[in-house]
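A short worksheet on the structure shown next.
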Amino acid sequence: MTILVLTVCAVLVILSLVMYQKTKRKQPLFLLLVPLVAVMILVGWGTSTSVFVKSTDLGGEQVGTMMLGQSIEDVEIQLGEYTQEDNVNVEKMRVYASMRIGLNEQNEISYLSIEDPDYETSQGIKVGDEVDMAIEPYGEHYRESKEMGMGSYIEYVDKERNTRLQFWYDDTRHIQRIVYEYTD
């Protein structure tokens, strides 16, 4: 899809340059501006979303003993007390001492946010590790982003399973939070 869009834009640019050379009128310049604006929008949008990130296999991923799609009943005994919180992205949000767990209508885990160094991912990455340590086991297919007021993170996306794994880090590049969730 990306290659098709870029090809169409390149053809429009070449066509408008040829037309401008032959006619010396301003209308072909309009054709030149359209693909340039389209490319700028696509590049800006693509860097702010995970569309252009290659997929990473996150099958079997878990944080501690918790996995997406797992029934909360399987793990709630070991987690202790929680409070309920409203959240627009999940049906129910349970807030524990150092984590948040989002649930769907079937009481299955659909969102995990961990700030406790006692919980590690299936690849052994935990809160407190340097974020660069996540790149070795998970690979180079990630995007790096920054959210105003929240910090920076690297994100791995499994497009086949519609999941994403984020490692939020501070200014010293140490992981402060791990988020694992469904993308839709």
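The values are calculated or read from the model by the stated rules, or taken from the named source; none is laboratory data. Keep in mind that this is a model prediction, so the values were computed, not measured. Here the Cβ positions follow ideal geometry from the backbone for every residue, glycine too, while neighbour counts run over all protein chains shown.
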### Condition check for E136: at pLDDT 95 or above, charged (D, E, K, R) and farther than 26 Å from G69 by Cβ
no
### Query
Out of curiosity, is S98 over 14 Å from E61 (Cα atoms), touching a Ser or Thr at 6+ places or on another chain (Cβ under 8 Å) and at pLDDT below 95?
no
### Query
For region 51-73, what are the residues that are aliphatic (A, V, I, L, M), without any contact (Cβ under 8 Å) to a residue 60 or more places away in the chain and in a loop (DSSP other than H, G, I, E, B)?
V51, M67
#### Entry: Where R177 falls short, out of the listed (1) assigned to a strand (DSSP E or B); (2) closer than 22 Å to M99 by Cα; (3) at pLDDT below 95; (4) of a type outside the set (A, V, I, L, M)
(3)
### Query
In region 94-110, which residues are surrounded by fewer than 19 Cβ atoms within 10 Å (Cβ to Cβ) and either under 17 Å from Y182 (Cα atoms) or among the basic types (K, R) (or both)?
L103, N104, E105, Q106, N107, E108
### Summary
Checked I109, I77 against criteria (part of a strand (DSSP E or B) and assigned by TED's automatic domain parsing to the domain that holds R161); the one match is I109
### Message
Restricting to region 136-160, give me the number of residues that are without any contact (Cβ under 8 Å) to a residue 40 or more places away in the chain and either under 12 Å from the mean Cα position of the chain (by Cα) or assigned to a strand (DSSP E or B) (or both).
### Response
7
### Query
Of the numbered conditions (1) in contact with a Leu (Cβ under 9 Å, 6 or more places away or on another chain); (2) touching a residue at least 40 places away in the same chain (Cβ under 8 Å); (3) assigned to a strand (DSSP E or B); (4) not aromatic (F, W, Y), I101 satisfies every one except a single condition; which is it?
(2)
